[in-house]
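Below: the structure, in structure tokens.
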Amino acid sequence: MKQQLEIIVPTSWKDLSLNTYLRFQRDAKNFEDNFEAQMDFMIYHFCNLDFDSIRGLSVDSHNSIAQKFNKFEVPDTLPLQRLVTINGVQYGFEPNLSKMAYGAYVDIAQYEELTIDKNWGKIMNILYRPITSKKGDLYTIEPYTGRDDWEKWLDVTMDIHYGALFFFINLHRDLVNATLNSLKEMELQPNIKSTLLKSGRTIQQFLNSQEGIFKGWMR
């Protein structure tokens, strides 16, 4: 007699933790040119389904799960969530980046990339700190101390993580575009202008590649 298999399929980034996503990411990177293998790893990690059960799925069931993944929100449309509650403690996103503590800036700058990887939880732990006072939409957070308790961010859902990541990506894109537009209006020495324009294109290419990482998996 056939056994009925119940599969719980997540429907949005709100259903997935950073820890689950990182486990998928580690496995999927070993199969960058194999879309079918990457999809199986998605089902394995996102639906908590072992590979024997995945192999036993009908083609229709497999395709149905894949289609639900494809309906996830595009990550760059997710908004920054300035307030996040973890284990009853409310954390606030750095309210004034221009006045960020030097130690916080140095600790973020040590990482080669601003992207969701094994270091992302540590970056979130720098950007978000416990709220000390709040009035309306305004709040203050604890001073930065370099406290190494970042593991709590592993259980936070991916909609919050992507909201923070694309806040910076979109901010960088806007700054690059504003810089390039201002250069067109400035009379600079040719060699200086050429160097700045070239650097701007390189940054833009990097940002585009970051945005394309997940879209390639979810095509």
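The values are calculated or read from the model by the stated rules, or taken from the named source; none is laboratory data. All values derive from a computational prediction rather than experimental measurement. Note that each Cβ is placed from the backbone with ideal geometry, even for glycine, and that neighbours are counted across all protein chains shown.
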Next item on the list: Would you check if there is a residue in the stretch 74-85 being more than 30 Å from Tyr139 (Cβ to Cβ) and exposed (fewer than 14 other Cβ atoms within 10 Å of the Cβ)?
Entry: no
Next item on the list: Please enumerate the residues belonging to the stretch 117-140 that are of a type in the set (A, V, I, L, M, F, W, C) and either more than 17 Å from Ala164 (Cα to Cα) or touching a Leu at 6+ places or on another chain (Cβ under 6 Å) (or both).
Entry: Ile131, Leu138
Check: Looking at Ile116, Ile126, Ile131, which is the one that is hydrophobic (A, V, I, L, M, F, W, C) and in contact with an Asp or Glu (Cβ under 6 Å, 6 or more places away or on another chain)?
Finding: Ile126
Item checked: Selected residue (criterion: surrounded by the fewest Cβ atoms within 10 Å (Cβ to Cβ)) from residues of the stretch 16-31 that are under 17 Å from Trp150 (Cβ atoms) and of a type in the set (A, V, I, L, M) -> Leu22
Next item on the list: Tell me the helices (runs of 4 or more DSSP H) entirely within the stretch 1-84 that contain at least 3 residues that are outside the structural domain of Tyr128 (by TED's automatic domain parsing), closer than 30 Å to Pro130 by Cα and out of contact with any Phe, Trp or Tyr (no Cβ under 8 Å at 6 or more places or on another chain).
Entry: 18-28
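Determine whether the stretch 119-131 contains at least one residue that is surrounded by fewer than 16 Cβ atoms within 10 Å (Cβ to Cβ) and either among the β-branched types (Val, Ile, Thr) or touching a Ser or Thr at 6+ places or on another chain (Cβ under 8 Å) (or both).
No - not one qualifying residue is present in the stretch 119-131.
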Next item on the list: Return a yes/no flag: does the stretch 91-101 have any residue that is in a helix (DSSP H, G or I), surrounded by 14 or more Cβ atoms within 10 Å (Cβ to Cβ) and not aromatic (Phe, Trp, Tyr).
Entry: no
Note to self: Considering only the stretch 140-160, I want to know if a residue exists there that is outside any helix (DSSP H, G or I), farther than 14 Å from Thr85 by Cα and in contact with a strand residue (DSSP E or B) (Cβ under 6 Å, 6 or more places away or on another chain).
What the structure shows: yes
